[in-house]
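A short worksheet on the structure shown next.
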Amino acid sequence: MEKIRILGGKALEGTVRISGAKNASLPDVCASILTDQPLILGNVPEVGDIRTMGRVLSAMGVETDIRVGGVVELRAAKLTSVEATYDLVKTMRASVLVLGPVLAREGRARVSLPGGCAIGDRPIDLHLTALERMGAEIEVEHGYVEAKAKRLRGAEINFDTVTVTGTENIMMAASLAEGETILRNAACEPEIADLADLLVKMGARIQGAGGSTIRIEGVDRLHGAEHTVIPDRIETGTFVAAVAMAGGEIEIRNCHPPHLRSVLDKFREIGVRIEEGPDNLRVRAPRTVKPSDVTTNPHPGFPTDMQAQYMALMTMANGVSTITESIFENRYMHVAELQRMGASIRVDGRVAQVRGHTPLNGAQVMATDLRASACLVTAALAAKGETIIDRVYHLDRGYWRIDEKLRGIGADIERIDRGSDSGQRATDHAQIA
Ligand code: EPZ
């Protein structure tokens, strides 16, 4: 089982290039199902989740060519299956994103329920209710969603809870539906607008994506397109957190600062010095870290995918900070690992209280999910001594070569393979994305 070894205490300096957004690439590749023409996507990160989604699509008959350099060519000339099986879906819940497109294209779909994961139950009831409102017959049995619809009809849909992949699933399904669909309380994440941009290039008629009300006028057919995926705002935020913790000054290139406005504002508030360019950031570590409370919220609020990295940084603050995780019910798996490194954190339900300043010490720790593993990396950069992070496959699902990128800006970090896994822990659930 691959591990990452980090020797803390080395300040970072130099330039790092951000990869394409994993959470934009995942719905974007699924849009290939909506046409029999080729789709060419650029700036796709070669991360584990993209490879998994490639397997899901290939199993359905989509020709997928994941080339080096982040170019992916996809063509669903003809689907040979309408099924996304449990063995693939259980490893990546985002596989549910094939449901809307397959149903819209083929009139039927059979997709495994994703099941729970480390950070929560992750239901998809909002996806299913919305498809029913569009005329789909939905049955859930033996752990699978069976969906049928001669042709989906446009409908007015009001999401009770903001759901990112729910919004994406329905936006794709509605693109080929009969009539107009209006989504209310839609997710506003930049990844939604990126998918809409792609769908419009394919001939879809969409207005309002990026806001909370989206209108989609269904069309009879969509055609191929070329599209470059937006930069990864969470990877960007993770590197800002890394230099804030490790010390030093770095240049972050190929990013889009407005996509992580709430993160940059919060980091400036606690003392991180950030200069912004159109597609770059110059970030200098704070002289001292001020404590500051944060609550995660749907975009444009502080993103839940940055909560763990922020918590690690708050261990260095001069005082107590309170973190409230309002999106997922169990997204504090990183707390126990940070405590093993010397952090003083108390969790009560969705609220975590971080008492700084507690010097972190290197330790053997275990990644439990994608963003928790990123926080262990940033913590290890600041810790005294050596940290070994186990189960780094979690990290590789969403960060492309983060160890190489960090080494390139001065971190003492390397991959090692120290024997077998240190034993299966109950917390090792299915993947979360
Ligand atoms: C997306 O997950 C992201 N994944 C997650 O990133 C991200 O943390 C999350 O949005 C929130 O921003 C991808 O985009 C592939 P939700 P998603 O549906 O769409 C509840 C990462 O680290 N809910 O917005 O699955 C749900 O339980 C991953 O890259 C329902 O109750 O999240 C949660 O509490 C982790 N019923 C809340 O809504 C539903 O039908 C938000 O979930 C759907 C969701």
Looking at this structure, is ARG287 assigned by TED's automatic domain parsing to the domain that holds ALA379, out of contact with any strand residue (DSSP E or B) (no Cβ under 8 Å at 6 or more places or on another chain) and at pLDDT 95 or above?
yes
Subset of region 89-126 (residues that are without any contact (Cβ under 8 Å) to a residue 60 or more places away in the chain and within 21 Å of GLU217 (Cβ to Cβ))
GLY107
Where GLY301 falls short, out of the listed (1) within 19 Å of ALA241 (Cα to Cα); (2) crowded, with 22+ Cβ neighbours inside 10 Å; (3) under 16 Å from the mean Cα position of the chain (by Cα)
(2)
Please go through region 346-366 and pick out each residue that is closer than 24 Å to GLU269 by Cα and surrounded by fewer than 21 Cβ atoms within 10 Å (Cβ to Cβ).
ARG346, VAL347, ARG350, VAL351, GLN353, ARG355, GLY356, HIS357, THR358, PRO359
Restricting attention to region 105-124, and to residues there that are modelled with pLDDT of 80 or more and touching a helix residue (DSSP H, G or I) at 6+ places or on another chain (Cβ under 6 Å), which single residue is nearest to the ligand (Cβ to nearest atom)?
ILE124
Of the residues that sit in region 114-124 and are among the hydrophobic types (A, V, I, L, M, F, W, C) and part of a loop (DSSP other than H, G, I, E, B), which one is surrounded by the most Cβ atoms within 10 Å (Cβ to Cβ)?
ILE119
If we take region 1-106, then helices (runs of 4 or more DSSP H) inside it with 2 or more residues that are open to solvent by less than 20 Å² (accessible area, probe 1.4 Å) are 22-30, 48-59, 99-106
Considering only region 310-336, how many residues are within 11 Å of the ligand (Cβ to nearest atom) and in contact with a Ser or Thr (Cβ under 7 Å, 6 or more places away or on another chain)?
5
Can you say whether GLU132 is away from the ligand (no atom under 16 Å from the Cβ) and open to solvent by 10 Å² or more (accessible area, probe 1.4 Å), as far as the supplied structure shows?
no
Scan region 250-280 for residues that are part of a strand (DSSP E or B) and either in contact with a helix residue (DSSP H, G or I) (Cβ under 7 Å, 6 or more places away or on another chain) or buried (at least 21 other Cβ atoms within 10 Å of the Cβ) (or both) and jot them down.
ILE250, ILE252, ILE274, GLU276
Give just the number: which of (1) within 14 Å of the ligand (Cβ to nearest atom); (2) touching a helix residue (DSSP H, G or I) at 6+ places or on another chain (Cβ under 6 Å) does VAL164 not satisfy?
(2)
In region 125-143, what count of residues is obtained for those that are in a loop (DSSP other than H, G, I, E, B) and either out of contact with any helix residue (DSSP H, G or I) (no Cβ under 7 Å at 6 or more places or on another chain) or at pLDDT below 95 (or both)?
3
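The values are calculated or read from the model by the stated rules, or taken from the named source; none is laboratory data. In this text, all values refer to a predicted model and were calculated from it rather than measured experimentally. Please note: Cβ atoms are built from the backbone with ideal geometry, for glycine as well, and neighbour counts cover all protein chains shown. Side chains are part of the model used for accessible areas, which takes the heavy atoms of the whole protein and leaves out ligands, DNA and RNA. Shrake-Rupley method; radii C 1.70, N 1.55, O 1.52, S 1.80 Å.
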